[in-house]
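Enquirer: After the structure tokens below, expect a handful of questions from me.
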Amino acid sequence: MKRKIYDELLKWKKDSNGEVALLIDGARRIGKSYIVEQFAKENYKSYILIDFNKIGDDIKKLFDNYLNDLDTLFMYLSSFYKVDLHERESLIIFDEVQLCPRARSAIKYLVADGRYDYIETGSLISIKKNVENILIPSEERHLYMYPMDFEEFLWAMGNNNLMNIIKKCFEEKKPLGQLMHRQAMDYFKQYMIIGGMPQAVEKYINTKDFKEVDIIKRDILNLYKEDIAKYAGEDTNRVQSIFEEIPSQLQKHEKRFKFTSLNKNARYREYSGAFFWLQESMIVNIAYNTTEPNIGLRLNRESSALKCYMGDTGLLLSLAFDEKGLMDEDIYKKILFNKLSFNEGMIMENIVAQMLVSSGRKLYFYFKYDKENSANNMEIDFLIAKNKITSKHNVSPIEVKSGKNYTYSSLNKFKAKYADYLYTNYILHINDLKEENGIVFLPIYMAGLL
């Protein structure tokens, strides 16, 4: 499947000329190994893929024993993998490199040697046990990979033109029109339900069977649960509790994570390590409350007030409907045709978070509760800053609406209070694009373009 990160790999190969290795970090099963191997096949005379999840200690120990004798190291690797290495024309891939920290540390010396190019892939890259007692190489360029975005989903579905129309209408602030909007929403609903995990998308393309897709997604969720049990260490129980709680937290009107749902005496400081683990694994996307929509949203971050979204919305659905261990195809179809009564805002807000993150955004929201005067209460789903900061008008508030009829009193109060801070006010909804009352109403499928 075509992935945008492929162009980043081409750019790295051209620009770095072997002077820096590339580290691709991402959740499990998002296609890191696949895309890197495809890149190797199409752009190098030969390549070696060292999968540290499969190889034995004899290969791992090569990085302990022969860093001072790289000729012998390369001779062993070439012989073991039965691949001839060619100077400046071969790529060596360290797959699941977090399982062999010593190999990651060796990148410093391998890059300095200059004979070959190096790409590392992994997950849980920054977890303490995976960086203990090693020197993180400065010769390492970090690249994040996410589930397939909506445009990549469209490509996989064989539609190479729709996103061009969507982009043009977004740039010109014009509606798509009834016919094209309906088509875009039909595709987008499928994307929300299936998600962006490549295996799930491939299964849907081949079978058009939601039940078969659900089996794939549950396999991935089980893999994540096994990783938590295996790698979360002393935080295992807390990580498991948070992970299982995500759907019910997002189902509430106020989607801020309530720690008391985990334990009536629970506090953020007790669970901060568990949230860090989930965020570093890229299984979830975390949004933090910012107390003022000013330049540098991070400067006003309130870490203990957060929302926890699943990294992939398709996985969220399978996690949410887990009573029988398999999501019935009828439920998928009812969601597709808006015939299921549940809080669709859960899915809509999660998919917006997913799209903002995959386009390079950190997640922030705004929340204010005034127990003495409810007129001052406000909650804005997301805040994003302009790419080019000016003296004022730098932050854009985003509200997400799942139904056709809705109010937006929080956004109006927010506009009035912070007029000098705000750039463009957005509402993401299921209808076509329009501008009204100083607000740009965007169809939900444009979220990734913000």
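Readers should treat all values here as calculations from the given coordinates under stated rules, not as data from a laboratory. If you're wondering where the values come from, they're calculated on a predicted model, not measured in any experiment. Cβ: placed from backbone, ideal geometry, glycine included. Neighbour counts: every protein chain shown.
Enquirer: Quick one: check the C-alpha center-to-center distance for segment 346-406 versus segment 291-312, whole angstrom.
Expert: Taking the Cα centre of segment 291-312 as reference, the centre of segment 346-406 is 10 Å away.
Enquirer: Given a Förster distance of 25 Å, report the FRET efficiency between GLU372 and ASN412 from their Cβ-Cβ distance, rounded to the nearest 0.05.
Expert: Numbers: r = 21 Å, r/R0 = 0.83.
E between GLU372 and ASN412, to the nearest 0.05, is 0.75.
Enquirer: Once both labels are modelled 7 Å past Cα along the beta-carbon direction, what's the LYS61-GLU140 spacing in nm?
Expert: Using points 7 Å along Cα→Cβ, the separation is 2.4 nm.
Enquirer: Just to be sure I understand the model, the point goes 7 Å from the Cα along the line to the Cβ. What's the resulting ASP219 to LYS404 distance in nm?
Expert: Going by the 7 Å Cα→Cβ label model, 4.0 nm.
Enquirer: For the Cα atoms of the chain, what angle does the longest principal axis make with the long axis of helix 210-231, in degrees from 0 to 90, nearest 10?
Expert: The angle comes out at about 60 degrees.
Enquirer: Next question. If I build a Gaussian network model for the chain, linking alpha-carbon pairs within less than 10 angstrom, which residue out of ASN285, ASN206, ASN43 has the largest mean-square fluctuation?
Expert: So, out of ASN285, ASN206, ASN43, the one fluctuating most is ASN206.
Enquirer: Another question about this same structure. Could you give the dipole magnitude of the chain about its Cα centre, charging the beta-carbon of Lys and Arg +1 and that of Asp and Glu -1, in debye to the nearest 20? Present the calculation step by step, with values, prior to reporting the outcome.
Expert: Working: 64 positive and 63 negative charges, 276 e Å.
Dipole size: approximately 1320 debye.
Enquirer: Relative to the Cα centre, what is the charge dipole magnitude of segment 71-117, using +1 at the beta carbon of each Lys and Arg, -1 at the beta carbon of each Asp and Glu, and rounding to the nearest 20 debye? Can you show the working numbers first?
Expert: Working: 6 positive and 8 negative charges, 41 e Å.
For segment 71-117, the charge dipole is close to 200 debye.
Enquirer: Still on this structure, I have one more. Using Cβ counts within 10 Å as a stand-in for footprinting exposure, how do LYS203, LYS217, LYS168 rank, fewest first?
Expert: Numbers: LYS203 20, LYS217 24, LYS168 11.
Placing the least packed residue first, the sequence is LYS168, LYS203, LYS217.
Enquirer: How do PHE74, PHE150 line up, fewest other C-beta atoms within 10 Å first?
Expert: Working: PHE74 20, PHE150 26.
Exposure proxy ranking, most exposed first: PHE74, PHE150.
Enquirer: Here's another thing I want to ask about it. Using a Gaussian network model of the chain whose springs link C-alpha atoms within less than 10 Å, name the residue from LYS230, LYS371, LYS11 with the highest mean-square fluctuation.
Expert: Ranking LYS230, LYS371, LYS11 by mean-square fluctuation puts LYS371 first.
Enquirer: Only Cα pairs within less than 10 Å get springs; with that Gaussian network setup on the chain, which residue of THR236, THR121, THR207 has the largest fluctuation?
Expert: Result for the chain, Cα springs under 10 Å: THR207 fluctuates most.
Enquirer: Same structure, new question: If you rank SER33, SER248 by fewest surrounding Cβ atoms within 10 Å, what's the result?
Expert: Ranked by crowding around the Cβ, least crowded first: SER248, SER33.
Enquirer: Could you work out the Kirkwood radius for segment 5-144, taking every pair of different alpha carbons, averaging 1/r and inverting it, reported in Å? Please list the in-between numbers first.
Expert: On the way: mean 1/r = 0.0667 Å⁻¹.
Across segment 5-144, the inverse of the average 1/r is 15.0 Å.
Enquirer: By how many nm would the segment from ASP420 to LYS45 grow when fully extended, if each residue of separation counts as 0.36 nm and the alpha-carbon distance is taken off?
Expert: Working: separation 375, 0.36 × 375 = 135.00 nm, distance 5.67 nm.
Going from the current span to full extension adds 129.3 nm.
Enquirer: Still on this structure: Report the one residue of PHE441, MET282, TYR6 whose Cα lies farthest in the direction of the positive end of the charge dipole of the chain (charges on C-beta: Lys and Arg +1, Asp and Glu -1; origin at the Cα centre).
Expert: After comparing all options, I get PHE441.
Enquirer: Can you work out the FRET efficiency for the pair GLU244 and LYS333, with r the C-beta to C-beta distance and R0 = 22 Å, to the nearest 0.05?
Expert: Values: r = 26 Å, r/R0 = 1.19.
It comes to 0.25.
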